[in-house]
Amino acid sequence: MCGRMTITHKVDAMARFAGAAPANDLPDGPRFNVCPTQAVGVVTSMEGSRLYRPMRWGFLPRWYKSPTDGPLLINARAETIAEKPAFREACRQRRCLVMATGFYEWTKDAEGKRLPWYIRPANGDPLVLAGIWQDWAAGEDSHTTFAVVTCPAGEGLSHIHHREPVSLAPEQFAMWLGEEGKGAARLMTAAPAGRFESFRVDPKVNSNRAEGPELIEPI
């Protein structure tokens, strides 16, 4: 599951890490509580040229008559992405790198209260997630949208949640973007042990209106 993220690395640093040219309309940062329907910078590739550009988080199938015509598809399950009508074409033809710094996940205490955790790469690099994207339009309304691919959680994160976003190492970027032919399905697995560090953070992040660096301070 991936429902909130942070983007605190600078745009130029993200672009260099992904080997992409940055667009001029990327959202300003730092951002400590990025939510679905907001703009996130993602990397796409066309004829081997990579572009770092903004997209709306929440994949809109082409048959939606409006952005609220069906469920908000912020994630796509690796196990079914190739068969689901909403995702199968994008999985084959429109894969992207979702550029972030970290993400939040929640557990519950004995009383059912939601306890937030912050998860980020242990080495301090940007967090690069596997995504799929789609152009959507209805009348004068149009959006370029994406979803994050998820898979069963590995041993590093299974104590927090049973699923995790598919994260990619730099040597995997070209394969996921379709620059190295077929084989991207092999990348849709849990992160290797040691990739992430995770720690509890203040429950104020439970509000999607919260913002600021104190949201990712360990407690």
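The values are calculated or read from the model by the stated rules, or taken from the named source; none is laboratory data. Note that the structure is a prediction, hence the values are computed from the model and not measured. Glycine also receives a Cβ, built like all others from the backbone with ideal geometry; neighbour counts cover every protein chain displayed. These area figures cover heavy atoms from the full protein model, side chains too; ligands, DNA and RNA do not enter into them. Shrake-Rupley method; radii C 1.70, N 1.55, O 1.52, S 1.80 Å.
Summary of values
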quantity	calculated
Verdict on Ala86 being outside any loop (DSSP other than H, G, I, E, B) and either buried (at least 21 other Cβ atoms within 10 Å of the Cβ) or without any contact (Cβ under 8 Å) to a residue 40 or more places away in the chain (or both)	no
Test result for Arg4, open to solvent by 40 Å² or more (accessible area, probe 1.4 Å) and either under 14 Å from the mean Cα position of the chain (by Cα) or at pLDDT 95 or above (or both)	no
Selection from region 124-157 of residues that are in contact with a strand residue (DSSP E or B) (Cβ under 8 Å, 6 or more places away or on another chain), assigned to a loop (DSSP other than H, G, I, E, B) and at pLDDT 95 or above	Pro126, Ala153, Gly154, Leu157
Any chance Ala78 is among the small types (Gly, Ala, Ser) and in contact with a Cys (Cβ under 7 Å, 6 or more places away or on another chain)	yes
Which numbered condition Glu171 fails, given (1) free of Cβ contacts under 8 Å to residues at least 24 places away in the same chain; (2) part of a strand (DSSP E or B)	(2)
Matching residues in region 22-34 - criterion: being open to solvent by 50 Å² or more (accessible area, probe 1.4 Å), in contact (Cβ under 8 Å) with a residue 24 or more places away in the chain and out of contact with any helix residue (DSSP H, G or I) (no Cβ under 6 Å at 6 or more places or on another chain)	Asp25, Pro30
Test for Glu180: is it free of Cβ contacts under 8 Å to residues at least 12 places away in the same chain, in contact with a helix residue (DSSP H, G or I) (Cβ under 8 Å, 6 or more places away or on another chain), farther than 28 Å from Lys113 by Cα and surrounded by fewer than 20 Cβ atoms within 10 Å (Cβ to Cβ)	yes
Single condition Met46 does not satisfy, out of (1) closer than 16 Å to Leu97 by Cβ; (2) at pLDDT 95 or above	(2)
Hits in region 179-200 - residues which are closer than 24 Å to Thr80 by Cβ and not charged (D, E, K, R)	Gly181, Gly183, Ala184, Ala185, Leu187, Met188, Thr189, Ala190, Ala191, Pro192
Matching residues, region 45-86, being in contact with a Leu (Cβ under 8 Å, 6 or more places away or on another chain) and more than 20 Å from Met5 (Cα to Cα)	Ser45, Arg50, Pro61, Pro67, Ala86
